[in-house]
Amino acid sequence: MTLPLEGKRIVVTRSKEQARSFSKKIKDLGGIPLEVPLIAFKETASTSREADGFTYVQDFDWVVFTSTNGVRFFFERYKELPAGVRVAAVGPKTSRALERRGIKVDLLPETFVAEGLVEAVQREFSGEERVLLPRGNLARKELPLQLKQMGIEVEELVVYETVIENTSKPLLEDMLLNEKADILTFTSSSTVHHFVQLADDIHWRPLIAGMKVASIGPITENTLRSYQIEPEIIAQKYNIDGLIDAIVDFYSTN
């Protein structure tokens, strides 16, 4: 039986740490993953107050995690949570990352985006809570703004930053110049920005003309269009499973 992505060469632009699970899903469906990581993550330095571990974190009623990277870098810095501090997660992957560390998740929204988390907070919070929001330097501002509009005291804690993966430049140029791919996947706005930066030395536009471009969701889609790159495939569920589903649907109907 022919698998739905049989022989399709699919470029995975996620970070090295995150690429493995995406690549496995592609292989399981008969595709050929080409890992060209365009982003990397690194820990940020903490202020003297933030470095005070337990004393700092126990000032908050809730810690709200919006990504697995937020979980990873937060616990690399703080190791554990003080008793009594409750935990919210934006979606199931973030929730599982917490549970693997033995952390009970007290609040998980029905819709796995920041807007869904806001709706869950509206139902659960009284409006007098103090919330710590561990995140990356490029995280969207909508969530803290909406929480503050509800009267909740929010402190953003930048625990990691997204940087360009310069070591992938030869891989990217080889893939483009030798037309090795059928699909380019973009899983964040950063992957789009870094693609354009790393491919800047070659005339990349005609080189991607024969490739399909896949976006994980509307924010990444808008970033692609800002560079006049038109995505043919757009996930309806804004996660890797949703992106895989969209790619499979595209080939089943074309």
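Residue count for the stretch 200-225 satisfying the condition of being within 20 Å of Leu138 (Cβ to Cβ), at pLDDT 95 or above and assigned to a loop (DSSP other than H, G, I, E, B): 1.
Taking the conditions (1) under 30 Å from Ser46 (Cβ atoms); (2) within 17 Å of the chain's Cα centre (by Cα) in turn, Gly242 satisfies each one other than (1). Scanning the stretch 106-134 for residues that are touching a residue at least 60 places away in the same chain (Cβ under 8 Å) and in contact with a strand residue (DSSP E or B) (Cβ under 6 Å, 6 or more places away or on another chain) yields Glu129, Arg130, Val131, Leu132, Leu133, Pro134.
Among the residues making up the stretch 226-254, a single one is modelled with pLDDT under 95 and either of a type in the set (A, V, I, L, M, F, W, C) or in contact with a Ser or Thr (Cβ under 6 Å, 6 or more places away or on another chain) (or both): Ile240.
Considering the stretch 135-159 alone, what residues qualify as being among the basic types (Lys, Arg) and either in contact (Cβ under 8 Å) with a residue 60 or more places away in the chain or within 29 Å of Ile202 (Cβ to Cβ) (or both)?
Restricting attention to the stretch 135-159, the residues satisfying the condition of being among the basic types (Lys, Arg) are 135, 140-141, 148.
The answer is Arg135, Arg140.
Considering each residue of the stretch 230-238 in turn, none proves to be in the same structural domain as Ala19 (by TED's automatic domain parsing), part of a helix (DSSP H, G or I) and β-branched (Val, Ile, Thr). Screening Val118 with (1) under 21 Å from the mean Cα position of the chain (by Cα); (2) surrounded by 20 or more Cβ atoms within 10 Å (Cβ to Cβ) gives one miss only, at (2). Contact annotation: residue pairs with Cβ atoms under 7 Å, 6 or more positions apart or on different chains, pairing a residue in the stretch 160-175 that is among the basic types (Lys, Arg) with a partner that is surrounded by 18 or more Cβ atoms within 10 Å (Cβ to Cβ), are Lys169/Leu198. Taken together, the residues in the stretch 184-227 that are of a type in the set (A, V, I, L, M, F, W, C), closer than 19 Å to Leu5 by Cβ and under 19 Å from the mean Cα position of the chain (by Cα) amount to 5.
Among what's in the stretch 1-34 and is part of a helix (DSSP H, G or I) and acidic (Asp, Glu), pick the residue that is nearest to Met211 (Cα to Cα). Spell out the reasoning first.
Let us first name the residues in the stretch 1-34 that are part of a helix (DSSP H, G or I), namely 16-28.
Adding the requirement that they be acidic (Asp, Glu) leaves 17, 28.
Details: Glu17: 25, Asp28: 21 Å.
The selected residue is Asp28.
For the stretch 155-165, indicate whether the set of residues that are over 15 Å from the mean Cα position of the chain (by Cα), acidic (Asp, Glu) and not in a loop (DSSP other than H, G, I, E, B) is non-empty. Looking through the stretch 155-165, at least one residue is over 15 Å from the mean Cα position of the chain (by Cα), acidic (Asp, Glu) and not in a loop (DSSP other than H, G, I, E, B).
Scanning the stretch 153-169 turns up at least one residue that is at pLDDT 95 or above, over 22 Å from Glu43 (Cα atoms) and out of contact with any Gly (no Cβ under 7 Å at 6 or more places or on another chain). Taking the criterion of being among the hydroxyl-bearing types (Ser, Thr, Tyr), surrounded by 15 or more Cβ atoms within 10 Å (Cβ to Cβ) and over 29 Å from Lys16 (Cβ atoms), the only residue of the stretch 51-66 that qualifies is Tyr56.
Scanning the stretch 67-100 for residues that are surrounded by 22 or more Cβ atoms within 10 Å (Cβ to Cβ), β-branched (Val, Ile, Thr) and in contact with a strand residue (DSSP E or B) (Cβ under 6 Å, 6 or more places away or on another chain) yields Val71, Thr94.
For the stretch 39-49, indicate whether the set of residues that are among the basic types (Lys, Arg), over 30 Å from Ile183 (Cβ atoms), touching a strand residue (DSSP E or B) at 6+ places or on another chain (Cβ under 6 Å) and modelled with pLDDT under 95 is non-empty. Before the answer, list the steps.
Restricting attention to the stretch 39-49, the residues satisfying the condition of being among the basic types (Lys, Arg) are 42, 49.
Now drop any that are not over 30 Å from Ile183 (Cβ atoms), which leaves 49.
Filter again for touching a strand residue (DSSP E or B) at 6+ places or on another chain (Cβ under 6 Å), leaving none.
No, because not a single residue in the stretch 39-49 is among the basic types (Lys, Arg), over 30 Å from Ile183 (Cβ atoms), touching a strand residue (DSSP E or B) at 6+ places or on another chain (Cβ under 6 Å) and modelled with pLDDT under 95.
The values are calculated or read from the model by the stated rules, or taken from the named source; none is laboratory data. None of the values given here were measured: they were computed from a predicted structure. Counting neighbours? That spans all protein chains shown, and the Cβs are built from the backbone with ideal geometry, glycine included.
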